[in-house]
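Novice: One structure is given below, represented as structure tokens, and several questions about it will come after.
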Amino acid sequence: TTVTAVWEDIPVVTYTVSGTATSFNSDTDNVTIQLIPKGYSEAAYEAVVKGNSATYSIEGVAPGTYTMKVMKNKHVTREYTVTASTENVTQDVKIHLKGDINGDGKVNTSDVGKANSHAKGTSTLTGYDFACADVNGDGKVNTSDVGKINSHAKGTNKLW
């Protein structure tokens, strides 16, 4: 006996993942938002928007848990965990410029102070703040990063 499945009779439930992407510096550079299924390295869904405050929407997202990767030129890539399971998902995202530890859209003495405190061991940066401070990408926040952030803040040698 041959059994044939009639796939058209099975409702496929998908969700929309949407929100506002906040970034800085350029209203014309692309902001790329990717959804990568748990256990995979390639994006299954992607949206590209422009603007420092841009609304994005990714429709037809299959149920599951995803890593949302948000990227823009001169910014530090940020990841969020998103789960689509019972309803549409609203996920607002914000990415910072390289060196902008406090996320105010500028690299200034406030950021220099935060990086310097970490380098001296008087405070600790973690997670995304640490990634924003690690401007040379060596996995540490030390005097090299402090010097680069300070030079940018003074306008003598820009990070980007």
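The values are calculated or read from the model by the stated rules, or taken from the named source; none is laboratory data. The structure displayed is predicted, hence computed values, not measured ones. Every residue, glycine as well, gets a Cβ built from its backbone with ideal geometry; the counts of neighbours run over all protein chains shown. Heads up: the accessible areas ignore ligands, DNA and RNA and are worked out on the full protein's heavy atoms, side chains in. Shrake-Rupley method; radii C 1.70, N 1.55, O 1.52, S 1.80 Å.
Novice: Can you tell me what share of the DSSP beta bridges in the stretch 20-135 is antiparallel? A percent to the nearest 5 is fine.
Specialist: Around 90 percent of the beta bridges assigned by DSSP in the stretch 20-135 are antiparallel ones.
Novice: Out of the chymotrypsin sites (Phe, Trp or Tyr not before Pro) in the stretch 47-86, which ones are loop residues according to DSSP with at most 12 other C-beta atoms within 10 Å?
Specialist: Taking the stretch 47-86 and a limit of 12 other Cβ atoms within 10 Å, no loop chymotrypsin sites (Phe, Trp or Tyr not before Pro) are found.
Novice: When only Cα pairs under 8 Å and 6 or more residues apart are kept, what is the percent relative contact order across the stretch 67-106?
Specialist: That works out to 34 percent.
Novice: Moving on to the next point. Per residue, how much accessible surface does the stretch 59-160 expose to a 1.4 Å probe? Answer in Å², no decimals.
Specialist: 51 Å²
Novice: To continue, here is another question. Tell me the mean residue ellipticity at 222 nm calculated for the chain from its helices only (DSSP H runs of n ≥ 4, each -39500 (n - 2.57), averaged over every residue, nearest 500).
Specialist: Counting only the DSSP helices, I get -5500 deg cm²/dmol.
Novice: Can you tell me the order of 102-110, 85-93, 142-150 when each peptide is scored by its average per-residue count of other Cβ atoms within 10 angstrom, highest first?
Specialist: Ranking, from highest mean packing down: 142-150, 102-110, 85-93.
Novice: Tell me, what % of the accessible area of the stretch 37-152 is carbon and sulfur with a 1.4 angstrom probe?
Specialist: 44 percent
Novice: Restricting to Cα pairs below 8 Å that are 6+ residues apart, what does the relative contact order work out to for the chain? Please round to a whole percent.
Specialist: Taking the mean separation of contacting Cα pairs over the length of the chain, I get 19 percent.
Novice: Once the Cβ-Cβ distance between Thr65 and Trp160 is put in as r, and R0 is 35 Å, what FRET efficiency do you end up with, to the nearest 0.05?
Specialist: So the FRET efficiency works out to roughly 0.60.
Novice: So, one more: Taking 0.36 nm per residue of sequence separation and subtracting the Cα-Cα distance, how much length would be gained by fully extending the chain between Asp29 and Thr81, in nm to one decimal?
Specialist: 16.3 nm
Novice: Then there is this: Suppose every K and R has +1 on its Cβ and every D and E has -1 on its Cβ; what is the size of the dipole of the chain about the Cα centre, in Debye to the nearest 20?
Specialist: For this selection, approximately 900 debye.
Novice: Note the listed values [x] 33, 23, 22; [y] 29, 21, 16; [z] 40, 16, 12, then indicate which one is semi-axes √(5λ) of the Cα gyration tensor in Å calculated from this particular structure.
Specialist: [z]
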